[in-house]
Amino acid sequence: MYKLLLVVALFGCALAAPTNDDVITKFLTNQDTDGSYAYDIEQASGIQIKEEGQSGHYARGSYAYTSPEGVPVQVVYTADEFGFHPQSDLLPTSPPIPEAILRSIQYIQEHPTPEELADREVRAHQI
């Protein structure tokens, strides 16, 4: 009975063991007393994570992996008091402004309303 339990336990451990893709192949980290830090991590599966920064002030880094569809994904980012700013070819972007809208904006700038003219005059005296 104990032999069967031992075999089942060993079989369970073998199934739960990490695959070669989960193995961390690179792990570098640095934390200084002034709050600056850096780390660089890579896995056998190709996942890469890098970041450096000043705790509570800013960070910049990148991460890369291969999507389930086989597409390589790479994101470079910064984070500061203005927020998180990722950059990647795979992130969605807004479409270009239509030509008609650009012409409308130009017309409005060239032909201000009386209220806009009055506002400009008030602002000119404030400075």
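For segment 74-93, what are the residues that are of a type in the set (A, V, I, L, M) and either modelled with pLDDT under 95 or not in a strand (DSSP E or B) (or both)?
79, 90, 91
Could you give every pair whose Cβ atoms fall below 7 Å, whose first residue belongs to segment 11-34 and is closer than 30 Å to residue 55 by Cα and of a type in the set (Ser, Thr, Tyr), and whose second residue is assigned to a loop (DSSP other than H, G, I, E, B) and at pLDDT 55 or above, counting only separations of at least 6 or pairs across chains?
Final answer for the pair search is 25/44.
Which number in (1) out of contact with any Gly (no Cβ under 7 Å at 6 or more places or on another chain); (2) modelled with pLDDT of 90 or more marks the one condition that residue 12 misses?
For residue 12, the exception is condition (2).
Tell me which residues, restricted to segment 52-71, are open to solvent by less than 100 Å² (accessible area, probe 1.4 Å) and farther than 26 Å from residue 31 by Cα.
Answer for segment 52-71, where residues must be open to solvent by less than 100 Å² (accessible area, probe 1.4 Å) and farther than 26 Å from residue 31 by Cα: 66, 67, 70, 71.
Just for segment 107-127: of the residues that are open to solvent by 100 Å² or more (accessible area, probe 1.4 Å) and polar (S, T, N, Q), which one is modelled with the lowest pLDDT?
That would be 126.
The values are calculated or read from the model by the stated rules, or taken from the named source; none is laboratory data. Just so we're clear, the structure is a prediction, and the values are computed from it rather than from any experiment. Counting neighbours? That spans all protein chains shown, and the Cβs are built from the backbone with ideal geometry, glycine included. Please note that ligands, DNA and RNA were not included when accessible areas were found on the heavy atoms of the full protein model with its side chains. Shrake-Rupley method; radii C 1.70, N 1.55, O 1.52, S 1.80 Å.
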